[in-house]
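A short write-up of the structure that comes next.
The values are calculated or read from the model by the stated rules, or taken from the named source; none is laboratory data. All values reported here derive from a predicted model rather than from experimental measurement. No Cβ is skipped: glycine too gets one built from the backbone with ideal geometry, and neighbour counts run over all protein chains shown. These area figures cover heavy atoms from the full protein model, side chains too; ligands, DNA and RNA do not enter into them. Shrake-Rupley method; radii C 1.70, N 1.55, O 1.52, S 1.80 Å.
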Amino acid sequence: MTLTPQQIASYERDGYFVQENALSQAAAENLLACTMAFQTQMRPGHVLEKDGKTHRAFHGCHLYDDTYSELIRSPQFLVPAQQLLRDDVYIHQLKVNVKQAFSGEMWPWHQDYIYWRNEDNIPSVNIASVMIFLDDIDEFNGPLFFIPGSHTIGCVDTPIASDAPKGWEGNVSASLTYQIDAPLVTQLVSKGGLFSATGKKGTAVWFHGNLVHASPPNISPYNRRIAILTYNAVSNIPTTQPAKLRPEFLNGRDYRPLVALKTEKRALTA
Ligand code: SIN
Ligand code: MN
């Protein structure tokens, strides 16, 4: 679970790195089964696609579900987060994006940190995400696309997209609030190329808050479900709160440093 100097160097140079088998196939299947049970629950952090009926995302699962509460404390993810951020950490945000077969919609080009900076007053980009694959992901079922090295441009001040839903709903919609425009994407891709985040269920991909990324719609017959855990350094909590706080399922307020679980429990055992 401890990162190698090479993995840390990739994170700093490319803005991401991949860990195969971060969870076993059985553990990923366990986590998926627990996640799909959320479909029958009505919770404020559960978001639908534009069709108004297909689930798009479940936010803040660690706030109500023991398996996710254990997952964020698992040394498999907590220790790398502490290493990358060089500090104790807590969860700023956790979501499961369940881009479903035939109906999962796109995520436009964007950086994540602008949401945490503009909406939640997170002072610096010393905040990192890990995406855990709950399905096998290939070129067909809507993988994330990264532009390697794009995090080095810093946080780009983008205007609010005119077609984005108002309020926090715009931050999780297929019409996102803050998007990177086509000329900048073209320029960044001409320098860094594109990387498509594919692999077996149980794969983990760590990525930087300023990495430019997107994903296409899922028109395939295969679901593409991922959990994304965003850890923030405890030295990087907001010093003032925004006038309008986003809900806790998007803007974590439990700043207590996470302590690693001694034994890996339900989420990580078959
Ligand atoms: C994200 O950018 O936060 C998620 C994109 C995706 O689920 O494809
Ligand atoms: Mn994102």
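A few remarks follow.
- DSSP-loop trypsin sites (Lys or Arg not before Pro) across region 163-216, with at most 13 other Cβ within 10 angstrom: K166
- Looking at region 53-104, the trypsin sites (Lys or Arg not before Pro) that sit in a DSSP loop and have at most 15 other Cβ atoms within 10 Å of their own Cβ are K53, R86.
- Tail weight of P(r) past 18 Å, computed on alpha-carbon pairs of region 8-54, percent: 58
- Whole-Hz ³J(HN,Hα) from phi, Karplus 6.51 cos²θ - 1.76 cosθ + 1.60, for region 102-112, glycine and proline x: 6, 10, x, 8, 6, 10, x, 4, 6, 10, 7
- Per-residue 3J(HN,Hα) values for region 44-56, derived from phi via the Karplus relation 6.51 cos²θ - 1.76 cosθ + 1.60 with θ = phi - 60°, read x, x, 8, 10, 9, 5, 4, 6, x, 9, 8, 5, 9 Hz in sequence order (x marks Gly and Pro).
- Looking at region 5-247, the accessible area is 40 square angstrom per residue; that uses a 1.4 Å probe and ignores ligands, DNA and RNA.
- Of K50/K99; K50/K200; K53/K95; K50/K244; K200/K262, those spanning more than 20 Å from alpha-carbon to alpha-carbon: K50/K200; K50/K244; K200/K262
- Full-extension gain in nm, E29 to I219, via 0.36 nm per residue minus C-alpha separation: 66.1 nm
- Tail beyond 23 Å, pair distance distribution of region 151-270 (Cα, percent): 51
- Å³ per residue enclosed by the Cα convex hull of region 5-247: 123
- Label point distance in nm, V259-T40, each placed 7 Å from Cα along Cα→Cβ: 3.5
- Overall, the accessible surface of region 19-81 at a probe of 1.4 angstrom is composed of carbon and sulfur to the extent of 49 percent.
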